[in-house]
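Student: Dumping the structure here so I can ask a few things about it.
The values are calculated or read from the model by the stated rules, or taken from the named source; none is laboratory data. In this text the structure is predicted, and so the values were computed from the model without any measurement. When we count neighbours, we look across all protein chains shown, and the Cβ atoms used for this are built from the backbone with ideal geometry, even at glycine.
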Amino acid sequence: MSSADETPRSLFVVGLRNAHAMEKEAIAMMERQIASIEKYPEMKAKLEAHLQETHGQHQRLDRILDELGEDRSAFKDMAMNLMGNVNALTASMADDAILKSTFANFAFENFETAAYKSLIRMAELDGHTAAIPLLEQSLSEELAMARWIDEHVDDVTTRYVTVSHAGHDASL
């Protein structure tokens with residue numbers, strides 16, 4: 001299909017499917033981090049709370065796709081999951097895995113924020129106003145998580161350097 005054939009609705013559906021895959025990957029990524037994070041209890045607790053929010057975001061995307069009579073993209077879900085597994089494996093082998101995970105989480109939260117802003121605009125252009133409050137709720141949760149990570153990068157870094165400098169294992 002050429003871009004001239006794309007309708008606001010078809011573009012919105014593609015965006016929703018991409019976001020669905022994105023949230024599925026976010027769930028898998030957080031589950032892997034939560035399972036391995038031991039020495040950073042505040043980060044672990046925040047990830048556990050955000051994991052529950054992310055399940056809700058995934059369900060809201062399901063609801064919107066259902067309302068549109070659209071299916072999910074299994075291929076996109078699988079591709080995002082594969083990319084996340086490779087990234088997690090690489091990061092978990094590093095001595096500074098907590099820092100790399102924190103940076104990756106911050107980048108991913110900002111990516112999700114941009115995706116939800118775009119979806120809200122597409123919903124407006126498509127006239128699918130029922131989706132907007134659901135998308136705005138997800139956007140609010142992503143903004144809050146990105147803000148929390150931003151506010152705690154210094155704390156995580158300080159703890160990592162302090163523990164490492166004392167000769168202890170500061171990894172996850």
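Student: Report, by residue number, each residue of the range 4-53 that is within 30 Å of residue 70 (Cβ to Cβ), of a type outside the set (Val, Ile, Thr) and not in a helix (DSSP H, G or I).
Tutor: If the condition is that a residue be within 30 Å of residue 70 (Cβ to Cβ), of a type outside the set (Val, Ile, Thr) and not in a helix (DSSP H, G or I), then 6 is the only one that fits.
Student: So for the range 62-77 (the condition being farther than 12 Å from residue 22 by Cβ, surrounded by 17 or more Cβ atoms within 10 Å (Cβ to Cβ), polar (S, T, N, Q) and at pLDDT below 95), does at least one residue qualify?
Tutor: No, the range 62-77 contains no residue that is farther than 12 Å from residue 22 by Cβ, surrounded by 17 or more Cβ atoms within 10 Å (Cβ to Cβ), polar (S, T, N, Q) and at pLDDT below 95.
Student: Could you tell me whether the range 26-38 includes any residue that is closer than 17 Å to residue 148 by Cα and in contact with a Gly (Cβ under 9 Å, 6 or more places away or on another chain)?
Tutor: Yes; the residues of the range 26-38 include at least one that is closer than 17 Å to residue 148 by Cα and in contact with a Gly (Cβ under 9 Å, 6 or more places away or on another chain).
Student: Here's something else I'd like to know. Can you confirm whether residue 132 is modelled with pLDDT of 95 or more and surrounded by fewer than 18 Cβ atoms within 10 Å (Cβ to Cβ)?
Tutor: Yes: the conditions hold for residue 132.
Student: Considering only the range 154-170, state which residues are loosely packed, with under 14 Cβ neighbours inside 10 Å and part of a helix (DSSP H, G or I).
Tutor: Within the range 154-170, 154, 155, 158, 161, 162, 165 meet the criteria.
Student: For the range 78-105, what are the residues that are at pLDDT 65 or above, farther than 17 Å from residue 27 by Cβ and not small (Gly, Ala, Ser)?
Tutor: Within the range 78-105, 95, 96, 98, 99, 100, 102, 103 meet the criteria.
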